[in-house]
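Asks: My questions will all concern the structure given below.
The values are calculated or read from the model by the stated rules, or taken from the named source; none is laboratory data. As the structure is a prediction and not an experimental result, all values here were calculated from the model. Using ideal geometry, Cβ is built from the backbone for each residue, glycine included, and neighbour counts are taken over all protein chains shown.
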Amino acid sequence: MTATLQTKKLRNFIDGDWVEVEASTAVINPATGEEIVQVPLSSSENVHQAVYAAKQAQKEWALVPAPQRAEVLYRVGYLMKERKERLSQLLTMENGKVIEEARGEVQEGIDMAFYMAGEGRRLFGQTTPAELKDKFAMSQRCPVGVVGIITPWNFPIAIATWKSFPAIVAGNAVIWKPATETPIMAYELASIFEEAGLPKGIMNVVFGTGSTVGDAMVHHEDIRIISFTGSNDTGRNIAAECGKQLKKVSLEMGGKNAVIVMEDADVDLAVEGILWSAFGTSGQRCTACSRVIVHEDVKSTLEERLLAEMEKLTIGNGLDERNKIGPIINQKGVEKIKSYIQIGKDEGAKLLAGGYEWKDDSYQDGIFFAPTLFTDANSSMRIAQEEIFGPVVSLIPVESFEEAIKVNNGVTFGLSSSIFTKDVNRVFQAQRDLDTGIVYVNAGTTGAEIHLPFGGTKGTGNGHRDSGVQALDVFTEWKAVYVDYSGKLQRAQIDVD
Ligand SMILES: NC(=O)C1=CN([C@@H]2O[C@H](COP(=O)(O)OP(=O)(O)OC[C@H]3O[C@@H](n4cnc5c(N)ncnc54)[C@H](OP(=O)(O)O)[C@@H]3O)[C@@H](O)[C@H]2O)C=CC1
Ligand SMILES: O=C(O)CCC(=O)C(=O)O
């Protein structure tokens, strides 16, 4: 039986209460065009209420021993596990990704809960020798206070868990603004936190637009960090505003990720990697493969096998297990993709497959785009430089390994890259020289594991990482503590000539 929601209109979760907001807008299933639920359009006043509650609650939460804070995350993990199928179906309904991928995303959230709960017994600082006798020196992680989390529609639950779980285990309180297109995962996760016994005010969900709710969060002086994932334009604006306030900001933005296929690659394996990382989630991933840098010796073989496999991809509602390609999030997304198809043609790339909005009698109100393959692209073309966020991949032929690395690095983004080769020397050279935060060898560009840092170089971010133990650096401040137990005032005096 397909999962359903008990309510026709979601409510904010503020200070442990479900708070109704009058204004709302419809959440649409992109595969069917049907309304699933109404989502509140909150005001900046709703943000202020949430921050006030969070600020009070956080003072107590910071005093709860971290292993006890972690207990809540263990319970969250078990509840998510129990509800995995429900969460996955609702995720497919609001976002469109096929159910197999939705299950994978929910599993990332479950893994993150258990992983970060484990950190509750670590949260390591350092002890170090002091310069003086009878003196002790150490550093420790401290919570920052109230943290703001702004998340996109393409990973409505995983990204939120990468950010909120480390924040909570570290002793912070959270204000979370999910994307207006995909609020259901936030509603479900807030219910899970409530059931798991998280104290009131530690997790607050405020639904509404970026321009109102997100903006109020960015400007609120009691929110000490903004952790954001989304587009580069929005991320830059947020960073500029946070800069003015000297507010910490962690950004995870776009990608122009490439798979490199060398002449000695297992081409069938490369085809599989490209298929999943280019067309999975209909290419709407920041880690999606949108360039294939192929050695000219294997170019025609790769094209032929890729085209044959692309033909087998079934498009449709992601709730039907047979479908491999789900919808595009909204019509604006399709228009953006279409504009890049035209740009690619005008630039002289050769369209081998797809390139059109896919329609079918059974999905008259759904929004789909056919998997698309360009070939004979070059690195200076806009289709090879800019994030399209759709199922579009461009083949760029190269003559050597060195040229492949140069083309890979010749974009303003630096999130994920991959190389298919059997040459162990090239593997090690590539992992050293590829200028991205994530490198895969003999696998596609997607499929991050939550215990490793997630993020990228150059225009992809601003040096911070989601996920992994590194996420704790975003949500904690370091404190250096010196304890002098000599009973007299000592001064450090070490001169090294
Ligand atoms: N790297 C990635 O993972 C992602 C990249 N993108 C890229 O961005 C493009 C546009 O997608 P879009 O959803 O519009 O991305 P946005 O960057 O606009 O949205 C991401 C989040 O930021 C919020 N937001 C928007 N404006 C502001 C603001 N002024 N202040 C604070 N928060 C704000 C959004 O709210 P709301 O939408 O509710 O108004 C949403 O929660 C895509 O086509 C894709 O190229 C998009 C999503 C993820
Ligand atoms: O690759 C993954 O598993 C996560 C990717 C992600 O967050 C994204 O691509 O937007």
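Asks: Within the group Ser24, Ser42, which residue is among the hydroxyl-bearing types (Ser, Thr, Tyr), within 17 Å of Thr182 (Cβ to Cβ) and in contact with a Leu (Cβ under 7 Å, 6 or more places away or on another chain)?
Replies: Values: Ser42 fails: in contact with a Leu (Cβ under 7 Å, 6 or more places away or on another chain).
Ser24 is the lone residue from the list that is among the hydroxyl-bearing types (Ser, Thr, Tyr), within 17 Å of Thr182 (Cβ to Cβ) and in contact with a Leu (Cβ under 7 Å, 6 or more places away or on another chain).
Asks: Moving on. I'd like to verify a number: residues in the stretch 161-190 that are surrounded by fewer than 24 Cβ atoms within 10 Å (Cβ to Cβ) and without any contact (Cβ under 8 Å) to a residue 60 or more places away in the chain, how many?
Replies: So the count comes out to 0.
Asks: Out of everything in the stretch 466-484 that is of a type in the set (D, E, K, R) and in contact with a strand residue (DSSP E or B) (Cβ under 6 Å, 6 or more places away or on another chain), what residue ends up being nearest to Gly118 (Cα to Cα)?
Replies: At the first step, the residues of the stretch 466-484 found to be of a type in the set (D, E, K, R) are 466, 473, 477, 479, 484.
If we keep only those that are in contact with a strand residue (DSSP E or B) (Cβ under 6 Å, 6 or more places away or on another chain) as well, we get 466, 477, 479, 484.
On the way: Asp466: 17, Glu477: 20, Lys479: 22, Asp484: 32 Å.
Here the answer is Asp466.
Asks: If I filter the stretch 321-343 down to residues being of a type in the set (D, E, K, R) and in contact with a strand residue (DSSP E or B) (Cβ under 9 Å, 6 or more places away or on another chain), which single residue comes out as nearest to ligand 2 (Cβ to nearest atom)? Give the steps one after another, and end with the answer.
Replies: Narrowing the stretch 321-343 to residues of a type in the set (D, E, K, R): 321-322, 324, 332, 335-336, 338.
Going one step further and asking which of them are in contact with a strand residue (DSSP E or B) (Cβ under 9 Å, 6 or more places away or on another chain), we end up with 324, 338.
On the way: Lys324: 17, Lys338: 22 Å.
Checked the stretch 321-343; the qualifying residue nearest to ligand 2 (Cβ to nearest atom) is Lys324.
Asks: I'd like the full set of residues that are hydroxyl-bearing (Ser, Thr, Tyr) and in contact with a Cys (Cβ under 7 Å, 6 or more places away or on another chain), limited to the stretch 452-478.
Replies: Looking only at the stretch 452-478, we keep the residues that are hydroxyl-bearing (Ser, Thr, Tyr), and these are 457, 460, 467, 476.
The one that is hydroxyl-bearing (Ser, Thr, Tyr) and in contact with a Cys (Cβ under 7 Å, 6 or more places away or on another chain): Thr476.
Asks: If I filter the stretch 411-458 down to residues being at positive phi and part of a loop (DSSP other than H, G, I, E, B), which single residue comes out as nearest to the chain's Cα centre (by Cα)? Explain how you work it out, then say what you get.
Replies: Here is the first cut: in the stretch 411-458, the residues at positive phi are 442, 447, 455, 458.
Applying the additional criterion that residues be part of a loop (DSSP other than H, G, I, E, B) yields 442, 447, 455.
On the way: Asn442: 23, Gly447: 11, Gly455: 9 Å.
Per the stated criteria, the residue is Gly455.
Asks: Among Ile343, Ile325, which is the only one that is surrounded by fewer than 16 Cβ atoms within 10 Å (Cβ to Cβ) and in contact (Cβ under 8 Å) with a residue 12 or more places away in the chain? Please lay out each step first, then the result.
Replies: On the way: Ile325 fails: surrounded by fewer than 16 Cβ atoms within 10 Å (Cβ to Cβ).
Exactly one residue qualifies, and that residue is Ile343.
Asks: For Leu91, only one of the following conditions fails: (1) touching a residue at least 40 places away in the same chain (Cβ under 8 Å); (2) more than 16 Å from ligand 2 (Cβ to nearest atom); (3) among the hydrophobic types (A, V, I, L, M, F, W, C). What is its number?
Replies: (2)
Asks: Then there's this: Restricting the search to the stretch 145-189, which residues are within 21 Å of Glu241 (Cβ to Cβ), assigned to a loop (DSSP other than H, G, I, E, B) and within 11 Å of ligand 1 (Cβ to nearest atom)?
Replies: Thr151, Pro152, Pro178, Ala179, Thr180
Asks: What strands (runs of 3 or more DSSP E) completely inside the stretch 194-312 contain at least 2 residues that are within 22 Å of the chain's Cα centre (by Cα), away from ligand 2 (no atom under 16 Å from the Cβ) and buried (at least 24 other Cβ atoms within 10 Å of the Cβ)?
Replies: Details: elements: 203-205, 223-229, 248-252, 257-261, 289-295.
Passing ranges, in order: 203-205, 223-229.
Asks: Out of (1) within 15 Å of ligand 1 (Cβ to nearest atom); (2) over 14 Å from the mean Cα position of the chain (by Cα); (3) of a type in the set (A, V, I, L, M), the odd one out for Leu132 is which?
Replies: (1)
Asks: Taking only pairs six or more apart or across chains, which ones have beta-carbon atoms under 7 Å, a first residue in the stretch 284-310 that is within 15 Å of Asp376 (Cα to Cα) and at pLDDT 95 or above, and a second residue that is in a helix (DSSP H, G or I) and within 16 Å of ligand 2 (Cβ to nearest atom)?
Replies: Ser290/Ala278; Ser290/Gly283; Val292/Ile274; Leu306/Ile274
Asks: Still on this structure: From the list Ala240, Ala288, which residue is of a type outside the set (Ser, Thr, Tyr) and in contact with a Ser or Thr (Cβ under 8 Å, 6 or more places away or on another chain)? Before the answer, list the steps.
Replies: Working: Ala240 fails: in contact with a Ser or Thr (Cβ under 8 Å, 6 or more places away or on another chain).
When all the criteria are applied, what remains is Ala288.
Asks: For Phe369, only one of the following conditions fails: (1) buried (at least 16 other Cβ atoms within 10 Å of the Cβ); (2) out of contact with any Gly (no Cβ under 6 Å at 6 or more places or on another chain). What is its number?
Replies: Evaluating Phe369 over (1) buried (at least 16 other Cβ atoms within 10 Å of the Cβ); (2) out of contact with any Gly (no Cβ under 6 Å at 6 or more places or on another chain) leaves (2) as the failure.
Asks: Quick one: count up the residues across the stretch 347-403 that are of a type in the set (Gly, Ala, Ser), on the phi < 0 side of the Ramachandran plot and touching a Pro at 6+ places or on another chain (Cβ under 9 Å).
Replies: Our first condition is that a residue be of a type in the set (Gly, Ala, Ser); within the stretch 347-403, this holds for 348-349, 353-355, 362, 366, 370, 377, 379-380, 384, 390, 394, 400.
Of the ones still in play, those that are also on the phi < 0 side of the Ramachandran plot are 349, 353, 362, 366, 370, 377, 379-380, 384, 390, 394, 400.
Adding the requirement that they be touching a Pro at 6+ places or on another chain (Cβ under 9 Å) leaves 353, 366, 370, 377.
So the count comes out to 4.
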